[in-house]
Amino acid sequence: KAKEDGKNQYKFFQEKYRLDIEREYDLTHNLLNALSKDELLLYYQPQICIQNSTASVIGFEALLRWQKDGKIVHPGVFIPVAEKTNIISDMGRWIIFEACSQGKKWSDKYGRDFKIAINLSANQLMNPVLYDEISTALLQTGVEPSCMEFEITETSIVKDIKNSITVLSMLKELGVRIAVDDFGTKYSTFNYLKNLPVDKIKIDISFVRGIGKNKIDEGIILSLISLAKGLDIEIIAEGVETKEELTFLVENGCNNIQGFYFFAPMEVNDLEEREILNFEQEEI
Ligand code: C2E
Ligand code: MG
Ligand code: MG
Ligand code: MG
């Protein structure tokens, strides 16, 4: 009986393994065609600045979406596969160009500059073509370089710290900005902040979720805010969902906010129809 059970279990795992591989194979196959089939699009999530109790939109984070069979697929599902198969390099080039041209369109249309943040994966940061891709996109779209911000994670930075320093320094010379995403979640050695040309850190959603519930998360946020002040770099909180989180952040000196409390990531059409680029709200 035990032997029989063992056999069945083995069969079960073998079958599950086969299905996993098939699923990944299908995903890879579909993903390979996603670009040429025009199935990729960028959502934009507004970034809000609060000054003198007034909230206004100062920029957007571009977030990749895959429109597949009428459904929206989120990057958590397909970015890991895109990275493993290096499909991300073609995708990445498209994302950079698309976001730069959107930035240019908006600054022309609204007569003021918005910051546009683009996420870079570790593969992109390691790829020597990145610099050319970005400088080409800046030139061809004519967007103001200082409007473009590149978000990198600590994980990608520490994969090859020497390369990161070189690449980011070169990017800085193009006039673009660098933000560290999910800050504090991985290897926050302060040493890289000293050697990297970082303009901004993003407080990770996991710390924001602890506001009002967990003194340690609150303590970490306070120290990140004072770290940014000390280094004279910007700070923004992501994943802000409640009034309580917002109040804690603003009262403690983090005036840049991104999260569902204000807006979720949206399609360009929705942002424009709802006049979100002109959004302003008093008495926050
Ligand atoms: P991220 O860069 O840290 O992006 C923040 C994620 O939090 C986004 O998920 C966003 O939709 C979500 N979010 C924003 N506000 C809230 C909130 O108030 N509450 C909650 N619960 N979530 C919120 P999304 O769009 O699914 O992206 C997930 C991750 O995928 C991103 O994390 C980023 O690492 C990666 N990603 C997204 N777009 C791109 C891209 O164009 N290129 C690369 N390489 N990676 C991307
Ligand atoms: Mg990001
Ligand atoms: Mg993040
Ligand atoms: Mg994240």
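The values are calculated or read from the model by the stated rules, or taken from the named source; none is laboratory data. Just so it is clear, the model here is predicted, and its values are computed rather than measured. Backbone-built Cβ (ideal geometry, glycine too); neighbour counts: all protein chains shown. Only protein heavy atoms, including side chains, enter the accessible area calculation; ligands, DNA and RNA are left aside. Shrake-Rupley method; radii C 1.70, N 1.55, O 1.52, S 1.80 Å.
Not counting ligands, DNA or RNA, and with a 1.4 Å probe, what is ASP113's accessible surface area in Å² rounded to the nearest 10?
90 Å²
At ASP232 and ASN278, where each label point lies 7 Å from the Cα along Cα→Cβ, what is the point-to-point distance in nanometres?
So the two model labels end up 3.8 nm from each other.
Add +1 for every Lys or Arg and -1 for every Asp or Glu among the other residues with Cβ under 15 Å from the Cβ of VAL129, and state the total.
Result for the local shell: -2.
How high is the FRET efficiency from ALA264 to LYS109, r the C-beta distance, R0 22 Å, rounded to 0.05?
So the FRET efficiency works out to roughly 0.50.
Roughly how many Å² of ARG177 are accessible to a 1.4 Å probe, to the nearest 10?
Here the accessible area works out near 30 Å².
Taking all protein chains in place and a 1.4 Å probe, what share, in percent, of the accessible surface of the chain do carbon and sulfur account for?
Exposed carbon and sulfur together represent 51 percent of the surface.
For LEU139, tell me the accessible area in Å² from a 1.4 Å probe, rounded to the nearest 10.
140 Å²
Over the chain, what relative contact order in percent results from Cα pairs under 8 Å that are six or more residues apart?
Relative contact order, the chain: 19 percent.
If you count only protein heavy atoms with a 1.4 Å probe, what accessible area per residue comes out for the stretch 77-217, rounded to a whole Å²?
Per residue, the stretch 77-217 has an accessible area of 44 Å².
Roughly speaking, what is the stretch gain from MET170 to GLU4, that is 0.36 nm per residue apart minus the C-alpha to C-alpha distance, in nm to one decimal?
Contour length minus the Cα-Cα distance gives 53.5 nm.
With Rg and the Kirkwood Rh both taken from Cα atoms, where does Rg over Rh land for the stretch 4-110?
1.20
Taking the alpha-carbon distance from LYS186 and a cut-off under 13 Å, which aspartates and glutamates remain once sequence neighbours fewer than 8 residues away in the same chain are dropped?
Within the straight-line cut-off, LYS186 pairs with GLU154, ASP204.
For a quick check: with amide H placed at 1.01 Å from N, whose amide H comes under 5 Å from PHE60's, ignoring anything fewer than 5 positions away on the same chain?
Close amide H contacts, sequence-distant or interchain: GLN47, LYS115, ILE116, ALA117.
With +1 on each Lys and Arg Cβ and -1 on each Asp and Glu Cβ, and nothing else charged, work out how big the dipole of the stretch 1-118 is about its Cα centre, in Debye to the nearest 20.
Taking the Cα centre of the stretch 1-118 as origin, the dipole is about 160 debye.
Extension gain MET126-LEU19, at 0.36 nm per residue separation less the Cα-Cα distance, in nm?
Going from the current span to full extension adds 35.3 nm.
For the chain, return all DSSP H helices satisfying: extent of Cα atoms along own axis at least 27 Å; mean Kyte-Doolittle hydropathy at least -1.0.
Flagged H segments are 88-110.
Compute the distance in nm between two label points, each set 7 Å from the Cα along the Cα-to-Cβ direction, one at LYS243 and one at HIS29.
5.3 nm
Would you calculate the volume per residue, in Å³, of the smallest convex hull containing every Cα atom of the stretch 66-122?
Cα convex hull per residue, to the nearest whole number: 101 Å³.
Provide the gained length on full extension for the span SER56 to LYS84, in nm with one decimal, where the gain is 0.36 nm per separating residue minus the Cα-Cα distance.
Gain on stretching SER56 to LYS84: 6.2 nm.
If amide H atoms are built 1.01 Å from N in the plane of the peptide, which residues on other chains or at least 5 residues away come under 5 Å of the amide H of MET266?
TYR44, GLN45
How large is the translational diffusion coefficient of the stretch 147-284 in µm² per second when you combine the Kirkwood radius over alpha carbon pairs with Stokes-Einstein at 4 °C and 1.567 mPa s?
80 µm²/s
Find, to one decimal place in angstroms, the Kirkwood hydrodynamic radius of the chain, where the mean of 1/r is taken over every pair of different Cα atoms and then inverted.
Taking the inverse mean of 1/r over all distinct Cα pairs, the chain comes out at 20.5 Å.
Please report the relative contact order for the stretch 158-252, taking Cα pairs under 8 Å with a sequence separation of at least 6, and give it as a percent rounded to a whole number.
Here the relative contact order equals 25 percent.
Given the convex hull over the Cα atoms of the stretch 196-274, what projected area results after averaging over all orientations, in nm²?
Computing the convex hull of the Cα atoms and averaging its projections yields 6.1 nm².
List the residues, sorted by chain then number, that are 5 or more residues from ALA237 or on another chain and whose placed amide H is less than 5 Å from its amide H.
ILE203, ASN256, ILE257, GLN258
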